[in-house]
Each structure stands twice: as C-alpha cells, then as structure tokens.
Amino acid sequence: MDWKPLFCGFCFGVYPIMANRSKLSYGATLPMLGLALIFFALEPFFENGIASFKAVTPSQGWWILGTAMVYGVGMFVLMDYLANASQQQVGIQVIIMVIVQILFTYASSSVLLKTVPSGRDVLGILAAIAAIVLLKK
C-alpha cells in the first residue's frame, strides 16, 4: 500500500482541528492558507520550469480553473465553519465531510465509468448515509 493516501488523510484530518484551535476568522485563515498553498505549488514549477505550463491545453486549463474555483468555495465555507465551531463539533463535522467526499467520489466515478452499483455498493452507500444521519443527532 502506498503511504501517500495515508499521509494525506492524516494531514486533511489534522488541519481542520488546527484551524479551529487557532480561533482565527476565515478572513485571516484563508489568506494564510493561500500563501502556504502558493509556497507548495511553486516547488514543482521550479523543478520543471515553464515547460510544465507549455504542455497544458486550453481545455485542461479551464478544467483546472474550475477545480480551483470549487476548491476555493469549499475552503471558504470550511474556514468560515471552523472559525465558529466548538472543539466538540469539529471532529464529527470532519467525519461527515469525509463521508460526503467518499460518496461523491464513488458516484462521480460510477457515472464517468458508466458502471452500475452492486448490491454491496448500495449497502455501503446506505451505511454511509446512515452514519451521517446518526452523527448529526
């Protein structure tokens, strides 16, 4: 098993807790997050240079711009939530967020691959929805 998904899961699980503990408003948190993202985004640019941009087609450019916009809106809403949430709320809400990500990823890949969910898949989806309902109470 590759270590990268495990590491990413750890990082994406820890950062909401850290953002909540900072008690900063989303107006302060988002620019700081943006600066950190720019820092990490520059590393591959310096490694590959301008050649990495020359290979991008206009269609790919629009897709990544759309991706960045969706990511930005999601981060805006998440940071606004974390700025006002209690420490007790953060863990459950992050679990619900991850369950929704899993459900959306499964559904979108099923549509793109044109596959029909198996009975086991349907049970997993229903269990995930039940988990969200139970965690919200």
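List of remarks:
- Estimated from helices alone, the mean residue ellipticity of the chain at 222 nm is -30000 deg cm²/dmol (sum of -39500 (n - 2.57) over DSSP H runs with n ≥ 4, per residue).
- Using θ = phi - 60° in the Karplus curve 6.51 cos²θ - 1.76 cosθ + 1.60, the 3J(HN,Hα) couplings for the range 106-111 round to 5, 5, 5, 5, 5, 5 Hz; x is entered for Gly and Pro.
- Karplus (6.51, -1.76, 1.60) ³J(HN,Hα), θ = phi - 60°, over the range 62-73, in Hz, Gly and Pro reported as x: 5, 4, 6, 5, x, 4, 5, 5, 4, 4, x, 5
- Structure-derived semi-axes √(5λ) of the Cα gyration tensor in Å - corresponding label in (1) 29, 25, 14; (2) 31, 15, 11; (3) 29, 19, 13: (1)
- Computed from the C-beta positions of Met75 and Leu123, the FRET efficiency with R₀ = 35 Å rounds to 0.60.
- Electrostatic dipole magnitude of the chain [Cβ: Lys, Arg +1; Asp, Glu -1; Cα centre; debye, to 20]: 320 debye
Taken together, the values in this text are just the output of simple stated rules run on the coordinates, not laboratory data. Since the structure is predicted, the reported quantities are computational estimates derived from the model, not experimental observations. Cβ: placed from backbone, ideal geometry, glycine included. Neighbour counts: every protein chain shown.
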